[in-house]
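Undergrad: Let me give you the structure first, and then I'll get to my questions.
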Amino acid sequence: MNNDEFDWGFDTLGIRVGHARTAEGEHSEPIFATSSFVFGSAAEAAARFSGDSEGNIYSRFTNPTVRAFEQRLAALEGGEACVATASGMSAILATCMAMLQHGDHIVSSRSIFGSTTVLFDKYLARFGISTDYAALSDIADWERLIKPNTRLLFVETPSNPLTELGDIRALADLAHANDCVLVVDNCFCTPALQQPLALGADIVIHSATKYLDGQGRAIGGAVVGDAKRVGEEVFGVLRTAGPTLSPFAAWIFLKGLETLSLRMQAHSANAQQLADWLVQQPRVSKVHYPGLSEHPQHALAKLQQKAPGGIVAFEVDGGREAAWQVIDATRMLSITANLGDVKTTITHPATTTHGRLSVDQRAAAGISDGLIRVAVGLEDVGDIRDDLQRGLI
Ligand SMILES: *Cc1c(COP(=O)(O)O)cnc(C)c1O
């Protein structure tokens with residue numbers, strides 16, 4: 001680390017932070033493919049283990065390539081500390097293990113990533129941690145659900161797939177007034193478009209699998225926040241329980257961060273053009289995108305995000321059959337539930353990501369049978385449009 005970086009802009013931080021060049025003089029960041037590290041003497045080994053001297057010990061919890069990714073992402077999110085994890089889900093698990101104990105309560109937004117719901121309702125519940133779900137954009141609903149044992153508010157904004165927004169600053173105020181921490185899953189926006197810590201959030205979660213990589217190559221995650229909660233407590237869970245990011249995957253994400261800002265702007269620009277076009281299609285009954293002036297939280301999106309992001313959802317009349325027909329008519333788009341890739345992906349939430357919900361739960365979540373989600377990639381937007389047009393005529 002050098003002092004210059006305190007003055008650096010976002011793009012410079014994404015390219016320059018975290019690489020301590022070795023004696024070989026390499027220009028690109030090296031991959032430290034080693035499980036352990038060697039000490040100069042028995043006394044030095046003892047000092048490392050006791051914490052009296054800093055340095056690498058064992059790659060379950062200290063690896064220079066992983067640390068470079070952590071430092072770079074911490075700088076981009078404006079956090080004091082970052083802990084990289086094996087996946088986005090293990091980032092959420094490690095955070096819950098570090099912050100919560102038996103008897104505690106979580107209030108979470110209802111429309112969150114499916115596996116996060118299972119983690120809360122099936123697994124954390126077994127250890128005496130309960131969860132209630134609030135309507136994302138309704139602060140009064142969050143307030144109503146907070147109990148004396150509530151310790152953590154968890155929010156994903158914008159939501160998947162309907163791109164509803166939560167007001168991060170209002171949720172942070174509510175959390176702090178009730179002695180809770182606010183955890184924001186920032187997967188959809190990334191720090192290039194939204195910086196939850198600056199809006200008052202305490203902890204940011206990432207599935208690095210998505211936009212941080214940006215090219216669909218690896219699974220990973222991260223937790224960002226202050227030195228005490230993340231640097232000590234979440235780090236302690238990682239060190240002990242070991243959901244560790246591999247140096248190979250860390251290197252991929254480190255390189256991904258170098259183009260993050262460019263890519264997020266380009267994803268947003270393509271998505272905006274696509275949303276503007278979809279609105280005009282006679283067979284499309286509704287388009288969900290924060291960049292549209294008719295989006296119910298368009299004003300909040302402008303305030304809270306630098307750009308509307310790369311996810312567009314739209315509804316076609318004719319239910320499941322019509323939606324599947326649009327999806328199956330595409331020749332270029334990838335039919336896959338993943339997102340945050342340079343390749344545009346298309347999915348039918350009602351029968352995939354939200355397929356395990358009951359009909360009533362799906363209706364309550366606003367996931368209609370005619371809903372299609374597009375995670376807009378970086379191909380020429382005209383080609384994406386032409387591919388969707390095949391099924392919309
Ligand atoms: C994918 C995703 C996760 C889980 O991340 P993995 O890397 O797949 O474990 C969590 N939250 C959101 C919003 C996601 O899209």
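The values are calculated or read from the model by the stated rules, or taken from the named source; none is laboratory data. Here the structure is a predicted model, which is why all the values come from computation and not from measurement. Cβ sites come from the backbone with ideal geometry, for glycine too, and all protein chains shown count toward neighbours. For accessibility, only protein heavy atoms count, side chains too; no ligands or nucleic acids. Shrake-Rupley method; radii C 1.70, N 1.55, O 1.52, S 1.80 Å.
Undergrad: Taking the 0 to 90 degree range and rounding to the nearest ten, how far is the long axis of helix 247-258 tilted relative to the main principal axis of the chain, both from C-alpha atoms?
TA: Computed tilt is about 60 degrees.
Undergrad: May I pose another question? Using only alpha carbon pairs under 8 Å that are at least six residues apart, calculate the relative contact order of the range 251-361 and give it in whole percent.
TA: The normalised contact order for the range 251-361 reaches 19 percent.
Undergrad: Under a crude label model (7 Å from the Cα following the beta-carbon direction), how far is Lys147 from Phe37 in nanometres?
TA: 4.4
Undergrad: In addition: How large, in percent, is the carbon and sulfur part of the accessible surface of the chain at a probe radius of 1.4 Å?
TA: Carbon-and-sulfur percentage of accessible area, whole number: 52.
Undergrad: Hey, what does the equivalent ellipsoid look like for the range 260-392, semi-axes from the Cα gyration tensor as sqrt of 5 times each eigenvalue, largest first, whole Å?
TA: 22, 18, 14
Undergrad: Just to check I understand the Karplus step: with θ = phi - 60° and J = 6.51 cos²θ - 1.76 cosθ + 1.60, what whole-Hz values come out for the range 231-242, glycine and proline as x?
TA: Values per residue, Gly and Pro as x: x, 9, 6, 5, 4, x, 5, 4, 4, 8, 8, x Hz.
Undergrad: In addition: Provide the gained length on full extension for the span Ala125 to Trp8, in nm with one decimal, where the gain is 0.36 nm per separating residue minus the Cα-Cα distance.
TA: Length gained, Ala125 through Trp8: 37.8 nm.
Undergrad: What is the P(r) of the range 155-293, as percent of Cα-Cα pairs per 10 Å bin from 0?
TA: Percent of pairs per bin, in order: 11, 33, 34, 17, 5, 1.
Undergrad: Taking every DSSP beta bridge that has both residues in the chain, what percent is antiparallel when rounded to the nearest 5?
TA: The answer is about 55 percent antiparallel.
Undergrad: Can you show me the helix-derived [θ] at 222 nm for the chain, built from DSSP H runs with n ≥ 4 at -39,500 (n - 2.57) apiece and divided by the number of residues, rounded to the nearest 500.
TA: That comes out to -10500 deg cm²/dmol.
Undergrad: Over the heavy atoms of Trp8, what accessible area does a 1.4 Å probe trace out, to the nearest 10 Å²?
TA: Its heavy atoms expose roughly 80 Å² to the probe.
Undergrad: Take the cross-link list Lys306/Lys343; Lys147/Lys302; Lys122/Lys302; Lys228/Lys343; Lys255/Lys286; Lys122/Lys306 and give me the ones stretching past 29 Å between alpha-carbons.
TA: Lys147/Lys302; Lys122/Lys302; Lys228/Lys343; Lys255/Lys286; Lys122/Lys306
Undergrad: When the Karplus curve 6.51 cos²θ - 1.76 cosθ + 1.60 is applied with θ = phi - 60°, which whole-Hz ³J(HN,Hα) does each residue of the range 355-371 get, with x for Gly and Pro?
TA: Per residue, the Karplus-derived 3J(HN,Hα) values read x, 7, 6, 6, 4, 5, 4, 5, 4, 4, 7, x, 8, 7, 5, x, 7 Hz.
Undergrad: Quick check: residue separation of Thr351 and Asp328 times 0.36 nm, minus the Cα distance between them. What number comes out in nm?
TA: Taking 0.36 nm per residue and subtracting the Cα distance, the gain is 6.9 nm.
Undergrad: Here's something else I'd like to know. Please name whichever of Ala42, Ala299, Leu357 sits farthest to the positive end of the charge dipole of the chain, dipole taken about the Cα centre and charges placed at Cβ: Lys and Arg +1, Asp and Glu -1.
TA: Value: Leu357.
Undergrad: Also: Considering the options Ala227, Ala201, Val237, tell which one lies farthest towards the positive end of the dipole of the range 201-243, charges being +1 on Lys and Arg and -1 on Asp and Glu at the Cβ, about the Cα centre.
TA: Sorting the options by dipole projection puts first Val237.
Undergrad: Still on this structure, please answer the following. In square nanometres, what is one fourth of the surface area of the convex hull spanned by the alpha carbons of the range 158-223?
TA: Its Cα hull, projected and averaged over all orientations, spans 4.7 nm².
Undergrad: Can you tell me the 0 to 90 degree angle between the C-alpha axis of helix 168-177 and the longest principal axis of the chain, rounded to 10?
TA: It is inclined by approximately 60 degrees.
Undergrad: Alpha carbon centre of the range 71-116 versus the range 252-306: separation in Å?
TA: Taking the Cα centre of the range 252-306 as reference, the centre of the range 71-116 is 25 Å away.
Undergrad: How large is the charge dipole for the range 260-392, taken about the Cα centre, if only the Cβ atoms of Lys, Arg (+1) and Asp, Glu (-1) carry charge, to the nearest 20 debye?
TA: For this selection, approximately 320 debye.
Undergrad: Now a separate question. Any idea what the relative contact order of the chain is, in percent, if you count C-alpha pairs under 8 Å spaced at least 6 apart?
TA: 17
Undergrad: Relative to the compact-globule scaling 2.2 N^0.38 Å, provide the ratio for the alpha-carbon radius of gyration of the chain.
TA: 1.01
Undergrad: List the residues, sorted by chain then number, that are 5 or more residues from Thr131 or on another chain and whose placed amide H is less than 5 Å from its amide H.
TA: Residues meeting the criterion, in which the H sits 1.01 Å from N, are Ile106.
Undergrad: Let me understand the range 1-108 better: what is its radius of gyration from the alpha carbons, and its Dmax, in angstrom?
TA: In order Rg, Dmax, the Cα atoms of the range 1-108 give 17.0, 53 Å.
Undergrad: Given a 1.4 Å probe, how much area per residue of the chain is accessible, in Å²?
TA: 43
Undergrad: Could you tell me how many degrees, from 0 to 90 and to the nearest 10, lie between the Cα long axis of helix 319-329 and the main elongation axis, the longest principal axis, of the Cα atoms of the chain?
TA: 70
Undergrad: Using θ = phi - 60° and the Karplus relation 6.51 cos²θ - 1.76 cosθ + 1.60, list the HN-Hα couplings for the range 184-193 in order, rounded to whole Hz, with x at every Gly or Pro.
TA: 10, 7, 9, 4, 6, 9, 6, x, 5, 10
Undergrad: Let me spell out the model: positive unit charges on the Cβ of Lys and Arg, negative unit charges on the Cβ of Asp and Glu, origin at the Cα centre of the chain. What dipole size does that give, in debye rounded to 20?
TA: 720
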